[in-house]
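Step one of this worksheet: look at the structure below.
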Amino acid sequence: MSTIHRGHIFHIAGAPLVTEAAANLAHFPDGALVVSDAGIIEWCGDWADLPADHAGAKVVDHHGAFLLPGFVDTHMHFPQVWCGDSYGGGQLLEWLTNCIWPSESKLEDPAYARKAAVEWIDRMVTAGTTNGLVFGSAFPQAQDILFEEARNRGIRLVCGRGVETTGPDWSKLVTSEEKAVELVRDEIEKWHPLNEADYKNALQYVAVVPRFSLSVTPTTMAALGELYDHYRDKGVYFTSHLNENARPGTGEIDRTKSIYQVNTYLDTYDGKFLPGSKVGGKSFLGPRSVMAHSVHCQDVELARMAETGTSIAHCPVSQLFLGSGTMPWKRTVASGVNIAIGSDWSAGDEWFIPQVLNACFKVHISERQPVGIDPYPADDQSLSLHPAELLFTGTLAGARALALEDRTGNFDVGKEADFVVMDPSAWEMYGHTLADMVLPEDPITRRDAFLFAVIMLAREKALTGTYVRGRKLETSTSR
């Protein structure tokens, strides 16, 4: 028998671009989400319009609560579960050297790794993150533990061991090039659904994950490219970092271009990693490839990502924390690249996607604001993101980035029922503000302003349920 979840529903219907999100915003103040026993959405709309054939279904009344699509986080670091707000004494490269690499080495201990994996999945559940694209540990036993925990708890996860074949002599994360490829292949064979039937039903998948171009050599890139090309048609994913830190001379971008002697950072992932950006191997770019940050991209890089269907994981909290700059929203959207949201815990210090979207709004309304009075110059890049664009970026855009838009990301009929329940009564300030705030008279503007407050004010304490395929997920302490 089907189950009807009754509540205040918002979602971005259909398959729009981010610029079309407002036109596709579906809103049902007294809504019904009908979910089959198999976890498939059978109907979504106004309670008053509920079809008669669902009249006998079980009703779960989330009275006064909001039902939103599950949040999709497209950039996370499992080995950094306890690294939040680590003081590195500098920007990206200093922070990695002083804080992150030593911390990640601790996952070599299986007991520590198990504790980390339980904590990781608990945090996803309590944050309403129903799907995450995760940079994994360098240690295969830690990866096995994380995949086991995700499978046992029923959460969606795309993850791959972080590959490093060059780095500090003291680093336990570095392997030989041969061993690196062997470990990635073993992980794919063990954890990725390799036949079509399993793939369509799976919740966990594997990604090929060179940490970033500076952590591997051209030889490693070539070998991983051959491996990825072998498994590409099996739905294996790819993710890495791109154009995050542009500090002149010593920053990530300048160092990458100098060491590889390439024209663009993206070339190193596009098979063009030999001096002069000559082709040296297979490209990683494509519809299941996600480049984290992409703050300082050249126009040619954005065009290439759009051409290949490669997505960007936009991490505004992380970019503030590490002083990396601001991804140019208008220019990136205009290029046609799909932009999804990423927390980048622990370079970011937020797990909760609505709070990452909160930062996204603040960053871009402040982006390159001119000094002085009107008229603003023509190149002003500041903008006020529409609340539907924020909701899209944290839900449907993430599903699109992970090539799972046909299965999840909104409440269209036939999709799998991934959703969260946000209950204002669980946190008085949230509830009182939403109940008593002044809203515009115009019904569309009123709807949009209310959704804006629902997202921007939200905190984890108001989240009372996280569902994947219609099943409520539990934390390790609630099982």
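A few comments on the model shown:
- Filter result (among the hydrophobic types (A, V, I, L, M, F, W, C) and out of contact with any helix residue (DSSP H, G or I) (no Cβ under 6 Å at 6 or more places or on another chain)) within the stretch 454-479: V454, L463, V468
- Where helices (runs of 4 or more DSSP H) fall entirely within the stretch 386-465, those with at least 1 residues that are closer than 23 Å to L133 by Cα and outside the structural domain of V35 (by TED's automatic domain parsing) are at 387-394, 396-401.
- Selection status of A55, more than 22 Å from the chain's Cα centre (by Cα), in contact (Cβ under 8 Å) with a residue 60 or more places away in the chain and exposed (fewer than 13 other Cβ atoms within 10 Å of the Cβ): no
- Residue identified as more than 20 Å from T310 (Cβ to Cβ) and at pLDDT below 95 among A202, A197: A197
- Residue within the stretch 296-305 that is in contact (Cβ under 8 Å) with a residue 60 or more places away in the chain, in contact with a Lys or Arg (Cβ under 8 Å, 6 or more places away or on another chain) and of a type outside the set (S, T, N, Q) present: no
- Filter pass, F78 being closer than 30 Å to N243 by Cα and either buried (at least 23 other Cβ atoms within 10 Å of the Cβ) or in contact with a Phe, Trp or Tyr (Cβ under 9 Å, 6 or more places away or on another chain) (or both): yes
- Number of residues in the stretch 232-252 that are crowded, with 21+ Cβ neighbours inside 10 Å, out of contact with any Ser or Thr (no Cβ under 6 Å at 6 or more places or on another chain) and within 18 Å of C315 (Cβ to Cβ) equals 5.
- Leading residue by the ranking (farthest from W101 (Cα to Cα)) among those in the stretch 191-237 that are among the acidic types (D, E) and touching a residue at least 40 places away in the same chain (Cβ under 8 Å): D229
- In the stretch 444-469, the residues that are within 13 Å of L434 (Cα to Cα) and hydroxyl-bearing (S, T, Y): none
- Flag if I9 is within 24 Å of the chain's Cα centre (by Cα), crowded, with 17+ Cβ neighbours inside 10 Å and within 19 Å of I455 (Cβ to Cβ): yes
- Some residue of the stretch 274-285 being touching a strand residue (DSSP E or B) at 6+ places or on another chain (Cβ under 8 Å), among the β-branched types (V, I, T) and modelled with pLDDT of 95 or more: no
- For the stretch 405-417, the count of residues that are out of contact with any strand residue (DSSP E or B) (no Cβ under 7 Å at 6 or more places or on another chain), buried (at least 18 other Cβ atoms within 10 Å of the Cβ) and without any contact (Cβ under 8 Å) to a residue 40 or more places away in the chain is zero.
- Where a residue in the stretch 96-107 is over 11 Å from V81 (Cα atoms) and in the same structural domain as A138 (by TED's automatic domain parsing) and its partner, wherever it lies, is among the acidic types (D, E) and crowded, with 16+ Cβ neighbours inside 10 Å, with Cβ under 7 Å and at least six apart: none
- If you check T239, T217 for being among the β-branched types (V, I, T) and under 19 Å from G342 (Cβ atoms), only one passes: T239.
- The stretch 381-439: number of residues that are in contact with an Asp or Glu (Cβ under 6 Å, 6 or more places away or on another chain) and closer than 13 Å to R156 by Cβ: 3
- Test: residue in the stretch 25-34 that is β-branched (V, I, T), touching a helix residue (DSSP H, G or I) at 6+ places or on another chain (Cβ under 7 Å) and either outside the structural domain of W329 (by TED's automatic domain parsing) or not in a strand (DSSP E or B) (or both): yes
- Scanning the stretch 13-27 for residues that are closer than 22 Å to H63 by Cα and among the aliphatic types (A, V, I, L, M) returns L25, A26.
- Qualifying residue in the stretch 403-415 (condition: at pLDDT 95 or above and under 29 Å from D85 (Cβ atoms)): no
- Residue count for the stretch 108-142, restricted to those that are over 30 Å from E405 (Cβ atoms), free of Cβ contacts under 8 Å to residues at least 40 places away in the same chain and either touching a Gly at 6+ places or on another chain (Cβ under 9 Å) or not acidic (D, E) (or both): 9.
The values are calculated or read from the model by the stated rules, or taken from the named source; none is laboratory data. These figures come from a predicted structure and were not determined experimentally. Methodologically, a virtual Cβ is constructed for each residue, glycine included, from the backbone with ideal geometry; neighbour enumeration extends over all protein chains shown.
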